[in-house]
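Since the structure comes first, as C-alpha cells, the remarks are kept for the end.
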2 protein chains.
Amino acid sequence: MLPGVGVFGTGSTARVLVPMLKAEGFEVHALWGRSEEEACGLAKELGIPFHTSRSDDVLLHQDVDLVCIYIPPSMTRQIAVKALGIGKNVVCEKAATAVDSFQMVNAARYYPQLLSIMGNTLRFLPTFAAMRKLLVEGYVGEVQVCDVRVYGPSLLDRSYGWTCEDLMGGGGLHTVGSAVIDLLSYLTGTRAQRVHGLLRTFVQQNDTIKGIRRVTSDDFCFFQMLMGPCSGGACCTVTLNFNMPGSFLHEVMIVGSAGRLVARGTELFGQRNGSKSEELLLGDGGWAGPDVKDVPMPHLRGLGAMVKALRQSFQAHQERRLWAHGPVAAAPTFEDGLYVQTVVEAVKRSSYSGEWECVDIMNKEPDPNHNLCEALQRNKN
Amino acid sequence: MLPGVGVFGTGSTARVLVPMLKAEGFEVHALWGRSEEEACGLAKELGIPFHTSRSDDVLLHQDVDLVCIYIPPSMTRQIAVKALGIGKNVVCEKAATAVDSFQMVNAARYYPQLLSIMGNTLRFLPTFAAMRKLLVEGYVGEVQVCDVRVYGPSLLDRSYGWTCEDLMGGGGLHTVGSAVIDLLSYLTGTRAQRVHGLLRTFVQQNDTIKGIRRVTSDDFCFFQMLMGPCSGGACCTVTLNFNMPGSFLHEVMIVGSAGRLVARGTELFGQRNGSKSEELLLGDGGWAGPDVKDVPMPHLRGLGAMVKALRQSFQAHQERRLWAHGPVAAAPTFEDGLYVQTVVEAVKRSSYSGEWECVDIMNKEPDPNHNLCEALQRNKN
C-alpha cells in the first residue's frame, strides 16, 4: 500500500515532483513552504489539501508516512533528521556541509527500518542504469577515463538567495557537480581518493543582483578525481559551465581499454575498439512527462524514474509504512550523500590551495571545541 | 620568384607536404631521410630528383633556398640551426626540449632576414583565422573559458621509436598539445602564466611494443592553463585522449561574457547570449586535397593553408630567397615555439609534482655545469 506523502519545498523540483507522485498513485497530503503565501499558492495550484510554513505540521501530519525534502541545502539536515526521529521515511536533496551530511548519516543508521535516500536522480535514469550494466559486463574493458561535461544557462535564482552563496550550498559544483560525483561512483563502482579543482565566478553581478550584493557561488567549475582504491584507478574530469544561456548539454563519456560509452542527454551510445562507428544503445524513448525549463531533462527523467521505483518499493508491502529494498537498491544512501559532500568540499579546498586534496570521509563529528582543545594542548607542552 | 625547397623527413607529414608544395608551384629539389632506403623510396614515389641520408647534402644543395623540417623532435634543433647558419629559410616542426627551442630562437634572432617559422599548422586554418577575427571583434565578449578536446586513435608508430618515448618528444601532449597551446595563445592573444596537468600512459605495451620495451609517452593528457597577464585572465582546459580508435574529434570552444564560438573539426559555429540556437559561421568548404589517415583533417588543411601563405610570401619578391612578411604574419615564430615548449614542460612538471607550475620562459641558456657550480657553492659555505 502506498504511503501518504508530505512535500517540503516550493521550487521547480517540488513543482514537478508532486504531479509525478500523483501519477504513480501516491496521495500528497501536505506541502511546506518557507512562507504561507508560497505554500498556499503552490498547494492550490497542485491541489494539495494542506499547506503550512511550520515544518512540524507536515512532519507530525498523521497521513504523512513519506517525506520528500526539496529545499535549500542549509535547511535540509534539520528537517531530514527530525523526520527520521518522528518515524517517517525520507527522500531528500543534498545538505549544505559535510557535518550536516554526517548527522544525517547518523540518523539514518539509527533508524535502519526507515527509508532514507538521497533524491539524487541520475542513478535512476534508464540511460545510466544501462550504462552501468554495460560497464559491469565489460563493454569498455578496464575503465581509464571518465569525462563529464554539463553546460547550461545560469543557475542563479531571479532574486538574491542561497543559489548566489557559496556557503549556503549554491553554485554549479554543489548543485550539479554533486549529482555527477554520485553518478561516477555509481557507474565505476569506485570512489574518489584525490581531487583537484578550479572554481570561478565569472558573473558576480547581474541585472537583479547588484549594489553591495555579489555572487560568491561558482558558475564555472572544473575538477578531476582520481578514483580508488589503488593508484591505478580511473581518472575523471568534470567540466561544469553555467555561462551558456540558450543551451543545455549533458554528456557523460567513459573510455576504457576495449571501447567507450557516451551518454548524451538521455541517449546512450557506444563504440567498441575495432568497430568503425558509434552504435545507439538506448534511444531517447520519448518522454510523456512535463517539460520544465529550469530542470534539465536528465534530472527530470531521473526524478520520474525514482518516483516509479518508490511506488514499486512501497507497493510490495501491505502496511503503508513498510517498503521493499529491491526497487530502490540503486538509490544513493545518506552515506553516499556524505561521500559526495566530502568530495565537493575537497574540490573547493583544492581550488583555494591549488593542490591535490585527499577525500577523507568523516567518521566522527568534529569537536565543536576543537580550537579550544588545541589551545589547551599547546599549553600543556 | 619561388625558392627551391629541400624537405627533411619521410613521415606522413612530409609525404603530404611535398605534393602540396608542388601544387603551389614550388620545386622540391632534395629529400632527406634517416636511411638511404627510406629517402630513396619516398623520393621515387614523389618524383624528387635528389635524395640523401646526409643532412649537409640538402642544406648545401645550391638549388635549395627553403628548408622544410618534419623529422623527430630530438633532431630538429640541429638541422634548423645549421640551415639558418648556411643562410636558408626554415619552416620546421617543434623541437624536443626548451633548451633546443631556445637555441633555435637564438639562431633566428641572429638571422632576422631569413624566414624562420614553426610548422604549426592550426593558425593558418581558415576556421581559426575566422575565429580569431570574431574574438577580436568581440563576438563572445570577454573571454572566460577555452575548452579544447582532441580525441583519436593511438599516436604510436607501428614499430618502437621516438613516438613511444616521453623524453624524445613523443606523446599526445608534445605532439598534439603543442599545436593546441600555440593555437590558444594565438586566439586569445594571451599566454599561459600557470598550468596544471595530468599525464597518463594507459597503454604501455601492445602487439608490437612488448617484452622489455614499454611506452613512456602519454596517451591521455589533461591540462589547465591560466592565461595572463593578470589573474583575471581566461581559464583554458585541454583534454587529449588517444585511446579512442575509430574516431577523431577536434573541438575548440571559447566561452565569453556575451556568447561563444565552437570550432568542430574545420567548421565554425557561434551563439550569442540571447539567441536561441547556434549559427554556422564557416562551413566545411570542401577539401580538394589528399585525405590522409595519419594526419587529422584540421592539421592537414592547416598545412595546405600554410603552403599557400608561403607561396604568397615568396611570390611578392623577384629574388628567390626574399620573402614578404605579410602573408606569413600569422605564423608562429621560433619564440612562439619556445613558449609552447616551456608550457609543455611545465605541464609535465605539474603532472609529477601535482601542483600548479609557473610558465617561466628561458632567457639565457642554462649553464651546462649547473650541478658542478652548486657543489662548489656548497663547499664555499
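The values are calculated or read from the model by the stated rules, or taken from the named source; none is laboratory data. What you see is a predicted model, and the numbers here were worked out from it, not measured in a lab. FYI the Cβ positions are ideal-geometry reconstructions off the backbone, even for glycines, and counts take in every protein chain you see. All accessible areas refer to the heavy atoms of the entire protein, side chains included, with ligands and DNA or RNA removed. Shrake-Rupley method; radii C 1.70, N 1.55, O 1.52, S 1.80 Å.
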Review point. Residue B:267: over 25 Å from residue A:195 (Cα atoms), of a type in the set (Asp, Glu), within 14 Å of another protein chain (Cβ to nearest Cβ) and touching a Gly at 6+ places or on another chain (Cβ under 8 Å), yes or no?
Key: no
Practice item. Could you please find all residues in segment B:110-128 being touching a helix residue (DSSP H, G or I) at 6+ places or on another chain (Cβ under 8 Å) and not hydroxyl-bearing (Ser, Thr, Tyr)? Key: B:114, B:115, B:117, B:118, B:119, B:120, B:122, B:123, B:124, B:125, B:126, B:128
Point to revise | Filter result for residue A:182 (away from every other protein chain (no Cβ under 11 Å), open to solvent by less than 10 Å² (accessible area, probe 1.4 Å) and of a type in the set (D, E, K, R)) | key: yes
Check your understanding: Identify, please: which residue in segment A:300-315 is surrounded by fewer than 20 Cβ atoms within 10 Å (Cβ to Cβ) and out of contact with any helix residue (DSSP H, G or I) (no Cβ under 7 Å at 6 or more places or on another chain) and is, among those, nearest to residue A:175 (Cα to Cα)?
Key -> A:308
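Taking the stated definitions as given, is residue A:145 closer than 21 Å to residue A:269 by Cα and open to solvent by 20 Å² or more (accessible area, probe 1.4 Å)?
No; evaluated as a whole, the condition is false for this residue.
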Exercise for review: Would you mind stating whether residue A:322 is buried (at least 22 other Cβ atoms within 10 Å of the Cβ) and either part of a helix (DSSP H, G or I) or without any contact (Cβ under 8 Å) to a residue 24 or more places away in the chain (or both)?
Suggested key: no
Review point. For segment B:104-117, which residues satisfy the criterion of being open to solvent by less than 20 Å² (accessible area, probe 1.4 Å) and over 22 Å from residue B:319 (Cα atoms)?
Key: B:104, B:105, B:107
Study note, to complete from the structure: Given the conditions (1) open to solvent by 50 Å² or more (accessible area, probe 1.4 Å); (2) within 12 Å of another protein chain (Cβ to nearest Cβ); (3) small (Gly, Ala, Ser), every one holds for residue A:159 apart from (2)
Point to revise | Selection count where residues are surrounded by fewer than 20 Cβ atoms within 10 Å (Cβ to Cβ) and facing another protein chain (nearest Cβ under 10 Å), scope segment A:186-199 | key: 1
Point to revise | Tally, over segment A:338-353, of residues that are within 13 Å of another protein chain (Cβ to nearest Cβ) and open to solvent by 10 Å² or more (accessible area, probe 1.4 Å) | key: 3
Point to revise | Residue that is under 23 Å from residue B:305 (Cα atoms) and in contact with a helix residue (DSSP H, G or I) (Cβ under 6 Å, 6 or more places away or on another chain), where the choices are B:30, B:14, B:96, B:83 | key: B:30
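Can you go through B:136, B:105, B:90, B:140 and tell me which one is aliphatic (A, V, I, L, M) and within 14 Å of chain A (Cβ to nearest Cβ)?
B:140
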Review point. In this structure, does residue B:201 turn out to be touching a helix residue (DSSP H, G or I) at 6+ places or on another chain (Cβ under 9 Å) and within 30 Å of residue A:233 (Cβ to Cβ)?
Key: yes
Exercise for review: With the checklist (1) assigned to a strand (DSSP E or B); (2) in contact with a Ser or Thr (Cβ under 8 Å, 6 or more places away or on another chain); (3) not aliphatic (A, V, I, L, M) in hand, flag the one item residue B:100 doesn't pass.
Suggested key: (1)
Review point. So residue A:170 clears everything in (1) surrounded by fewer than 24 Cβ atoms within 10 Å (Cβ to Cβ); (2) touching a Cys at 6+ places or on another chain (Cβ under 6 Å) except one condition, right? Which one?
Key: (1)
Check your understanding: With (1) touching a helix residue (DSSP H, G or I) at 6+ places or on another chain (Cβ under 7 Å); (2) modelled with pLDDT under 95 as the list, and residue A:104 as the residue in question, which single condition is left unmet?
Key -> (2)
Point to revise | Residue check for residue B:211: on the phi > 0 side of the Ramachandran plot, outside any helix (DSSP H, G or I) and open to solvent by 20 Å² or more (accessible area, probe 1.4 Å) | key: yes
Practice item. Output the number of the condition that residue B:130 fails; it satisfies all remaining conditions of (1) assigned to a helix (DSSP H, G or I); (2) touching a Pro at 6+ places or on another chain (Cβ under 9 Å); (3) open to solvent by 20 Å² or more (accessible area, probe 1.4 Å). Key: (2)
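Sort out which residues of segment B:208-242 are within 13 Å of chain A (Cβ to nearest Cβ) and over 21 Å from the mean Cα position of the chain (by Cα), and write them in order of number.
Restricting attention to segment B:208-242, the residues satisfying the condition of being within 13 Å of chain A (Cβ to nearest Cβ) are B:218-227, B:231-242.
Those that are within 13 Å of chain A (Cβ to nearest Cβ) and over 21 Å from the mean Cα position of the chain (by Cα): B:231, B:232, B:233, B:234, B:235.
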**Study point:** Selection count where residues are assigned to a loop (DSSP other than H, G, I, E, B), open to solvent by 10 Å² or more (accessible area, probe 1.4 Å) and aliphatic (A, V, I, L, M), scope segment A:235-286
**Key:** 1
